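**Q** Please see the structure below; I have some questions.
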Amino acid sequence: MEKILNAIFLGWNSAAECLWDTWSKASRSPRVVGILGPVDEGLLFRTAHSPRVFSSWKEVKESAAIDLVLDFEGRATVPLKELPPGTILIPKEVTDLMGELCTVAQEGVKYKGVVETARDAVVTIDESHRIVFFNKAAEEMFGYSKEEVMGQDLSIIIPRPHKDRHREYVRRYVETRRGKFIDHTVDLTAERRCGEEFPISISFSVAELGGHLLMTAMMRDMSEVKAMERKLLQNERLASIGRALSFVTHEVKNPLVVIGGFARSLLRESGLSHGQREKLEIIAGEVKRLEGLLEEIQDFSKPLRLNRERLHLGPFLEGEISILRDSEICREVRVDVSVEGDPVVRADREKLRQVLVNLIKNSLEAMEKRGNILVKAAQGSEGHVEITVEDDGKGIPEDKVEDLFQPFFTTKPGGTGLGLPLCRKIVGDHGGDMTMRPRPGGGTIVTIRLPLEEEGEEDPPREVPSR
């Protein structure tokens, strides 16, 4: 086993303090026996592990065999002839340099700790495009551990179209020392370990050490910000559509009522030929369909009045699903309910029922009224509960999912394209959100996230501005 050296300090200053602090924390560093006085004890560490102060060299020798003597004051307290053979005396000029190096090292450790625990991902590469630093936030963002990426090419976190291009940027900067992105923040795309691409905000900086360049990128995942921007844009678009629809509905509804009334009145007349009656029935049917569409448009465009109440989701979902199970439309469909715990929300019962019924009807149509539907509720993250409606129907292509939440987009013959946008609007007015994704193996999963009830929360009925 390697011998641990015993050291004695001659005097005390900032260099001695730094070495004492560093060596006392390292298992294989020299063991500082103490300080040979005289020394102002007011300058010492005020900790439980302050170094011992000796009054004479004789006292030092009686305490331990000394291998190193470090002089921090240049006062030659110990005559060389008194040093045991093999003992090394380190003069003040050297201890000053050791103190400077120690301080630099401690500062480096401190700043590395700050960067290591930063919320933003920090990645540093060398001139060869190899990763030399990868902090904890980068591990979480990209899905790689530090051990996996150190020394690897940076291209593992760059999307395929840009891998070679980025390497060329670095090569050109190393040669010219010029780059348009250095010391700037730009929006780019990165790639997680699973292959998912996601938006990032990234700033670049360069440092030169020993004639070599180190290039550092600080990155922030912008996925949530971009999602919020899309949501705000969607809300603005829906508000504009709502205002336009409100005007159109008002202008169209009255003439439509008149046309429908005339058609139904004429159908009651006798003496109509078969052709005349058939045409009038078509007119009356189309008017009825348009009246239904106008009613949906009104629901979508007008402000919602939420009559919130304390709602235990378990009994609520069981009750609503039991009614649907007994209906004719579910005759060849199995509908199951699974609720974890007792999640409670403050919600408008009728509006939430409207959303649930709409989603289950969509599932029934996708399965052609034959298959399985599973409705689940469980507490999610950040004080939310998640309600999912899962079916094993035809499913929906992933690139069409967001289109389904756009007003008037529909994949169903005769559909209005307002059902899902209205459902999302209702959920949004409850402070939640609704998403849809393909189900592995076929089918669709719709997820509703609602805030859990907070203790003592009260929420009277209120008007929610139209979006």
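**Q** What distance in nm separates the two pseudo spin-label positions at LEU266 and GLU229, each 7 Å out from Cα along the beta-carbon direction?
**A** 5.5
**Q** Given 0.36 nm per residue, what is the gain on full extension from ASN254 to LEU213 after removing their alpha carbon distance, in nm? It would help to have the intermediate numbers written out before the result.
**A** On the way: separation 41, 0.36 × 41 = 14.76 nm, distance 7.48 nm.
Difference between extended and current length: 7.3 nm.
**Q** Taking H as built 1.01 Å from N, whose amide H comes closer than 5 Å to the amide H of VAL53, not counting residues under 5 places away?
**A** Residues meeting the amide H criterion: ILE35.
**Q** Can you sort TRP20, TRP57 by how many other beta carbons sit within 10 Å, fewest first?
**A** The fewest-first ordering by Cβ neighbours comes to TRP57, TRP20.
**Q** Also: Using the Karplus equation 6.51 cos²θ - 1.76 cosθ + 1.60 (θ = phi - 60°), what ³J(HN,Hα) coupling, rounded to whole Hz, does each residue of the range 23-39 give in order, writing x for Gly and Pro?
**A** Residue by residue, the range 23-39 yields 5, 5, 9, 9, 5, 9, 7, x, 9, 7, 5, x, 10, 8, x, x, 8 Hz.
**Q** Still on this model: For the range 362-367, take each phi angle, set θ = phi - 60°, evaluate the Karplus expression 6.51 cos²θ - 1.76 cosθ + 1.60, and give the result in whole Hz per residue in order, putting x for glycine and proline.
**A** Residue by residue, the range 362-367 yields 4, 5, 4, 5, 5, 8 Hz.
**Q** Okay, moving on. Ranking LYS376, LYS58 by Cβ neighbours within 10 Å, fewest first, what do you get?
**A** Details: LYS376 17, LYS58 10.
Least to most surrounded, the residues fall as LYS58, LYS376.
**Q** I've got another one for you. Using amide H atoms built 1.01 Å from N in the peptide plane, name the residues 5+ places from PHE408, or on other chains, whose amide H lies under 5 Å from its own.
**A** LEU418
**Q** Based on the Cβ-Cβ distance from LEU188 to ALA118, what FRET efficiency comes out when R0 is 22 Å, to the nearest 0.05?
**A** Calculated value: 0.70.
**Q** Within the range 312-364, report the GluC sites (Glu not before Pro) that DSSP leaves as loop and that have at most 15 other Cβ atoms within 10 Å.
**A** Hits after loop and neighbour filter: GLU332, GLU340.
**Q** Now a separate question. Given H placed on each backbone N at 1.01 Å, which residues far from ALA347 in sequence or on other chains put an amide H within less than 5 Å of it?
**A** It is GLU309, LEU311, by chain and number.
**Q** What pairs in LYS180/LYS231; LYS351/LYS400; LYS351/LYS376 have C-alpha atoms more than 24 Å from each other?
**A** Cα-Cα > 24 Å for LYS180/LYS231; LYS351/LYS400; rest within.
**Q** Let me ask something additional. 7 Å from Cα along Cα→Cβ at both SER56 and SER27: what's the point-to-point distance in nm?
**A** 3.9
**Q** Tell me, what HN-Hα J-couplings in whole Hz come from the Karplus equation 6.51 cos²θ - 1.76 cosθ + 1.60 at θ = phi - 60° for each residue of the range 216-221, using x for Gly and Pro?
**A** Going residue by residue, I get 10, 10, 9, 10, 10, 5 Hz, with x marking Gly and Pro.
**Q** Compute the FRET efficiency between SER155 and GLU93 as 1/(1 + (r/R0)^6), taking r as their Cβ-Cβ distance and R0 = 60 Å, and round to the nearest 0.05.
**A** The formula returns an efficiency of 0.80 here.
Since every read-out is calculated from the coordinates, none of them should be taken as a lab result. Here the structure is a predicted model, which is why all the values come from computation and not from measurement. Cβ sites come from the backbone with ideal geometry, for glycine too, and all protein chains shown count toward neighbours.
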